[in-house]
Amino acid sequence: MLYHVTLVDRTFQVRVSPEGVEIDGRLVETDLARLEGTLLKGLRVDSASHHVVAYHLARGRWDLNISGYPLEVEVVDDRTRAIRELTGAAAAGAGPKPVVAPMPGLVVKVDVSAGDAVEPGEGVVIVEAMKMENELKAEAGGVVARVHVRAGDTVDKGQVLVDFESPEVGEDD
């Protein structure tokens, strides 16, 4: 099976088959093991070992923490990618961008809940960093799909705090 994996601003082709795993056409040695009783997995790619925690967000989007480094990743199989290209969905993206922590800090207040409709520029979370409160705002309008934090949580730079979905087309208010 061929997957397109997007990390930050780069997309890799990952082929998983009985022969092994290829990344951009290069065969790599891999091993993935779950650590019993935890969400933690041990991942080995060639000679590099990593600790991984993965949370499935929605529609091929994953929130990963790899050896302490938070990342949001999109994983799309070849068929889904082809359908997106045919329908123009790839250009539209996966809906409104999530709100992420711009720096490490402490969540002071969460102003939204799952299911809430938000307008562009509306404040959704307040994070304290370096003794200053920072109001984080939605970039676009949408509906809150999931809130990943609550007041009192510490967050890392780049950590997803709130996910959105596009409002239903033709939905009545």
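On C-alpha positions alone, give me the angle between the axis of helix 78-87 and the longest principal axis of the chain, in degrees, nearest 10.
For 78-87 against the chain, the angle is about 50 degrees.
Give the accessible surface of the chain per residue, rounded to a whole number of Å², with probe radius 1.4 Å and ligands, DNA and RNA excluded.
Working: 11180 Å² over 173 residues.
On a per-residue basis, the chain sits at 65 Å².
Summarise the accessible area of the chain (1.4 Å probe, protein heavy atoms) by the percent that is carbon and sulfur.
53 percent
Under 12 Å from a label point 7 Å along Cα→Cβ of R150: give me every residue in the range 110-132 with its amide N that close.
110
Along the range 42-49, what does the Karplus equation 6.51 cos²θ - 1.76 cosθ + 1.60 (θ = phi - 60°) give for ³J(HN,Hα), rounded to whole Hz, x for Gly and Pro?
Along the range 42-49, the couplings run x, 10, 10, 10, 6, 9, 8, 10 Hz.
If the only charges are +1 at each Lys and Arg Cβ and -1 at each Asp and Glu Cβ, what is the size of the charge dipole of the chain around the Cα centre, to the nearest 20 debye?
Numbers: 18 positive and 30 negative charges, 115 e Å.
Magnitude of the dipole: close to 560 debye.
Residue by residue through the range 35-40, what is 3J(HN,Hα) from phi via Karplus (6.51 cos²θ - 1.76 cosθ + 1.60, θ = phi - 60°)? Round to whole Hz and write x for glycine and proline.
These are the phi-based 3J(HN,Hα) values: 8, 3, x, 9, 7, 6 Hz.
Along Cα→Cβ, 7 Å out, is where each label goes; now give me the distance between the ones at L43 and L71 in nm to one decimal.
Label-label distance for L43 and L71, simple model: 0.6 nm.
How high is the relative contact order of the range 31-156, in percent, counting Cα pairs under 8 Å that sit 6 or more residues apart?
Dividing the mean separation by the residue count of the range 31-156 yields 17 percent.
List, in the order given, every pair from K41/K137; K41/K97; K137/K157; K97/K131 whose Cα-Cα distance in the structure shown is over 23 Å.
Details: K41/K137 33 Å; K41/K97 27 Å; K137/K157 16 Å; K97/K131 27 Å.
Over 23 Å Cα-Cα: K41/K137; K41/K97; K97/K131.
Under a 5 Å amide H to amide H cut-off, with H placed in plane at 1.01 Å, what residues pair with A140 once short-range neighbours are removed?
Here the answer is K97, G121, since their amide H atoms fall under 5 Å of that of A140.
Among S67, I83, H4, whose Cα sits farthest toward the positive end of the charge dipole of the chain (+1 at Cβ of Lys/Arg, -1 at Cβ of Asp/Glu, about the Cα centre)?
The one lying farthest along the dipole's positive direction is S67.
Between L40 and residues 5 or more places away or on another chain, which pairs have amide H atoms under 5 Å apart, with H built 1.01 Å from N, and which residues are they?
Distant-sequence amide H within range of L40: L35.
The values are calculated or read from the model by the stated rules, or taken from the named source; none is laboratory data. From a predicted model like this one, the values you see are computed outputs, not experimental measurements. Every residue, glycine as well, gets a Cβ built from its backbone with ideal geometry; the counts of neighbours run over all protein chains shown. Please note that ligands, DNA and RNA were not included when accessible areas were found on the heavy atoms of the full protein model with its side chains. Shrake-Rupley method; radii C 1.70, N 1.55, O 1.52, S 1.80 Å.
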